[in-house]
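The values are calculated or read from the model by the stated rules, or taken from the named source; none is laboratory data. As the structure is a prediction and not an experimental result, all values here were calculated from the model. We place every Cβ from the backbone using ideal geometry, glycine too, and count neighbours over all the protein chains shown. Keep in mind that these areas ignore ligands, DNA and RNA; they rest on the heavy atoms of the full protein, side chains included. Shrake-Rupley method; radii C 1.70, N 1.55, O 1.52, S 1.80 Å.
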Amino acid sequence: MIPGEGPLRAADEVQSSLPHDTDVVVIGAGPAGLACSACLTRAGVPHLLVDKEREVGSAWRRHYDRLHLHTSRGYSRLPFVPMPRSYPVYPSRDQVVAYLDGYVERLALRPELGVEVQGIEPHDGGWSVRTSRGALACRHVVVATGVNGEPNRPEWPGLETFPGPVMHSSGYTNGREFSGHKVLVVGFGNSGGEIALDLLEHGARPVLSIRGPVNVIPRDILGIPVLAIAVSLSRLPPRLADALVWPLLKLYYPSYARLGLRKAKLGPFRQIAVKRKVPLLDIGTTRAMRRGEIGVAGEIESIEAAQVTFRGGTAAEFDAIVLATGFHPRVPEGLPLDRAEADASQRNVHYCGFYIAPTGMLREIGLEARRITAHVVRSLSA
């Protein structure tokens, strides 16, 4: 908790039924939903914040032990409440959870926990939101369920024959149980890079399976958090921003080939803009790769018992597989998956926490929450 704050209401302490009418229903009590609720509260807009889990920030509570924010503390605050100065530059998972708990208490937010949204339908010029505790009529819906809705679990021929554990990163806690074992980590995003380090630190022998060309960015450049540089360049066209940072990145990563990697044709800013995929923010993974402490393999083609065959014909045996292969977003039934498919100005459906930005998710969430609230206020006034 943020110092001086008390515990949250447990889910079984909230009311057993929900009010029938409100102006706005916010779905999801993670960072995005909390930020929207905070802005709506400050604006005096009646709303209801619901989440099917029994605690706020449930996705953060389930992340692996080693996780730290890859964006610096100063750029990771939600509206109105900074992260405590006692936190390090890159707060840990537990510190982020404590910050979210304290955020609720400090701003007197009242999330209704243990309430599952089962579907949404147009109703009388607004929306009818069906929940596990009854229906709600509202004029606006804010979808804040986030991009980490459902684990993405790829399939390969013979996967069912693998004798060891196969787990998604959402089920990975730490590398303690893998000490002394050879573990294949599939994926080269931020989770894959950090999980490979965690396995190494626990005495395992990790190998990264990397499907295609990549971009790698140091978390800090010349002692400056890379997010600060990204924010300063965010108003420029992505191609120009890439051109400006290329000399610095070349200094840190002079040869991708020596790491066993292929450089993506798109620079990091264009990669985010075009593919909506964040490059690896390097916290030491490439250093371990240079030393040979973390192996590199290509795309998986097939699996037969403990042997994994990669594209090009190389093969190796492994004791376990960790799928750091990302997630699929999840939205309630009755709504489009992509916010671009919803005309928020006419349908009054808003999406928060889905936009992949080079300036960091938490920072972008705060900006989105303010924009959504301003639109809601204008709409209700009209």
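Relative contact order of the chain, taken over Cα pairs closer than 8 Å and 6 or more residues apart, is 24 percent.
Give the Debye-formula value of log10 I(q)/I(0) at each listed q (0.24, 0.26, 0.27, 0.33 Å⁻¹), with one equal scatterer per alpha carbon of segment 53-99, two decimals each. Evaluating at q = 0.24, 0.26, 0.27, 0.33 Å⁻¹ gives log10 I(q)/I(0) of -0.90, -1.02, -1.07, -1.31. Helical runs (DSSP H, four residues minimum) scored at -39500 (n - 2.57) apiece and divided by the length of the chain put the mean residue ellipticity at 222 nm at -8000 deg cm²/dmol.
Set the Förster radius R0 to 30 Å, insert the Cβ-Cβ distance between R211 and H375 as r into 1/(1 + (r/R0)^6), and round the FRET efficiency to 0.05. Once rounded, the FRET efficiency stands at 0.20.
Averaging 1/r over every pair of different alpha carbons in segment 151-255 and inverting the result gives a Kirkwood radius of 16.5 Å.
Take every Cα pair under 8 Å whose residues are at least 6 apart in sequence, average their separation, divide by the length of segment 164-238, and the relative contact order is 27 percent.
Net charge near N148: determine it from the other residues with C-beta under 10 Å of the C-beta of N148, scoring Lys and Arg +1 and Asp and Glu -1. Display every interim value, and only then the final one.
Values: positive: R62, R330; negative: E150.
Net charge around N148: +1.
About the centre of its Cα atoms, the chain shows a dipole size close to 1600 debye [charges on the beta carbon of Lys, Arg (+1) and Asp, Glu (-1) only; nearest 20 debye]. Computed with the Debye formula from one identical point scatterer per Cα of segment 289-330, without solvent, the log10 of I(q)/I(0) at q = 0.26, 0.27 Å⁻¹ comes to -1.03, -1.06. Across the chain, the volume of the C-alpha convex hull divided among the residues equals 154 Å³ per residue. For the residues E368, E293, a 1.4 Å probe over the protein chains yields an accessible-area ranking, largest first, of E293, E368. Enter the angle in degrees (range 0 to 90, nearest 10) between the Cα long axis of helix 93-106 and the first principal axis of the Cα atoms of the chain, meaning the one along which they spread out most. It works out to around 10 degrees.
Site pair R176 and E304 shows an inter-label distance of 3.8 nm when each label is modelled 7 Å from Cα along Cα→Cβ.
Quick check for the chain: number of Lys pairs with alpha-carbon distance under 30 Å, counting only pairs 8 or more apart or on different chains? So the count of such lysine pairs works out to 11. Site pair R347 and L159 shows an inter-label distance of 3.1 nm when each label is modelled 7 Å from Cα along Cα→Cβ. Computed from the C-beta positions of R130 and M167 and an R0 of 25 Å, the FRET efficiency is 0.15 to the nearest 0.05. Heavy-atom accessible area, probed at 1.4 angstrom with all protein chains present, ranks Y103, Y355 as Y355, Y103, highest first. Using R0 = 25 Å, the C-beta based FRET efficiency linking T314 and I356 works out to 0.20. Within the shell of other residues whose beta carbon sits under 12 angstrom from the beta carbon of G158, the net charge comes to -4, with Lys and Arg scored +1 and Asp and Glu -1.
Per the Kirkwood formula applied to alpha carbons, segment 162-320 shows a radius of gyration over Rh ratio, Rg over Rh, of 1.00. From the square roots a ≥ b ≥ c of the eigenvalues of the alpha-carbon gyration tensor of segment 229-357, which class results: rounded (a/c under 1.5), prolate (a/b over b/c), or oblate? Note, shape of segment 229-357 comes out oblate.
Each Lys or Arg adds one and each Asp or Glu takes one away; over the other residues whose Cβ falls under 12 Å from the Cβ of T286, this sums to +3. With a/c under 1.5 counting as rounded, go ahead and sort segment 59-188 into rounded, prolate or oblate using the C-alpha gyration tensor (a ≥ b ≥ c being the square roots of the eigenvalues; past the cut-off, prolate if a/b is larger than b/c, else oblate). Note, shape of segment 59-188 comes out oblate. Sorting V129, V207 by accessible area puts them as V207, V129; the probe is 1.4 Å, largest comes first, and only protein heavy atoms count.
The ellipsoid equivalent to the alpha-carbon distribution of segment 29-70 has semi-axes of 25, 13, 5 angstrom, derived from the gyration tensor eigenvalues as √(5λ) and listed largest first.
Per residue, segment 150-215 exposes an accessible area of 42 Å² to a 1.4 Å probe, with every protein chain left in place. Counting only heavy atoms of the protein chains and using a 1.4 Å probe, Y252 has close to 70 Å² of accessible surface. Radius of gyration (Cα atoms) of segment 214-305, expressed as a multiple of 2.2 N^0.38 Å: 1.20.
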